[in-house]
1. Tell me the label-point distance for the pair LYS158, ASN29, using the 7 Å Cα-to-Cβ offset, in nm and rounded to one decimal.
2. Answer rounded, prolate or oblate for the chain, using the Cα gyration tensor with square roots of eigenvalues a ≥ b ≥ c: rounded when a/c is under 1.5, else prolate when a/b is larger than b/c, else oblate.
3. Find which of ASN102, HIS119, ILE159 sits farthest along the positive direction of the dipole of segment 84-159, computed with +1 on the beta-carbon of Lys and Arg, -1 on that of Asp and Glu, about the Cα centre.
4. Grab the Cα-Cα distance for SER91 and GLN145, subtract it from 0.36 nm times how many residues apart they are, and report the gain in nm with one decimal.
5. If you count only protein heavy atoms with a 1.4 Å probe, what accessible area per residue comes out for the chain, rounded to a whole Å²?
6. Please say if segment 11-53 is rounded, prolate or oblate, where rounded means a/c under 1.5 for a ≥ b ≥ c the square roots of the C-alpha gyration tensor eigenvalues, and otherwise the choice is prolate for a/b larger than b/c and oblate otherwise?
7. So which of LYS131/LYS175; LYS121/LYS158; LYS45/LYS177; LYS54/LYS121; LYS21/LYS45 end up more than 19 Å apart, counting from Cα to Cα?
8. At a 1.4 Å probe, what is the % contribution of carbon and sulfur to the accessible area of segment 118-187?
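The values are calculated or read from the model by the stated rules, or taken from the named source; none is laboratory data. Treat the numbers as computed from the prediction; the structure is a model and nothing was measured. Ideal geometry is used to build each Cβ from the backbone, glycine not excepted, and the neighbour counts take in all protein chains shown. Each accessible area value is taken on the protein alone, full model and side chains, heavy atoms only, with ligands, DNA and RNA left out. Shrake-Rupley method; radii C 1.70, N 1.55, O 1.52, S 1.80 Å.
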Amino acid sequence: MIRAKKHLGQHFLSDKNIARKIAELLPHNNLPVLEIGPGTGVLTKFLLEIHKEKLHVIEIDPESVDVLKNDIPELTPRIHFADFLKTDLNSIFESPFMVIGNFPYNISSPILFKLVEQHSKVPVIAGMFQKEVAERIASKHNSKQYGILSVYLQLFYKIHYCFTVHENVFVPPPKVKSGVIFLEHID
């Protein structure tokens, strides 16, 4: 098992039931899937069962990439060893794709802003965020939590707060609870 790197905001999900629930949020369609920050591959394995050769992952940590290549060798050609925030997504996907992940809490807002820039190509986003961020994203107009991220995302997506995740299902446990949300492009 690799050690979580604090500078990358790593907290590895260890609960397989929660990983399965997150994976099952994505619709079963023909769109490719991009998992951001797969870490040790707990969520990845469930995504692979459903989306098979349509699954791509992007990971910045070389140790995590090595773990994924060893544990899930069939995924190797679709592992992108890169910084998501610096990656041209058009170099990976020519057509629409879905996004999922246990997003690093320290860069979750920049990830979402980058995805919104591509909103016409990203009809679905699902994943785990720090609970307060997830609640803010899903908050309604005139609520105390409603802010720039809520406004911006809700211009393009219907947002559903799915469930809360306790910190004890991660290694190491974060100091906060997590929230899982589902974003679906407004037609």
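1. The modelled label-to-label distance comes out at 1.2 nm.
2. oblate
3. Most positive-ward Cα: ILE159.
4. 15.9 nm
5. Per residue, the chain has an accessible area of 49 Å².
6. prolate
7. Pairs exceeding the cut-off: LYS45/LYS177.
8. The value for segment 118-187 is 56 percent carbon and sulfur by accessible area.
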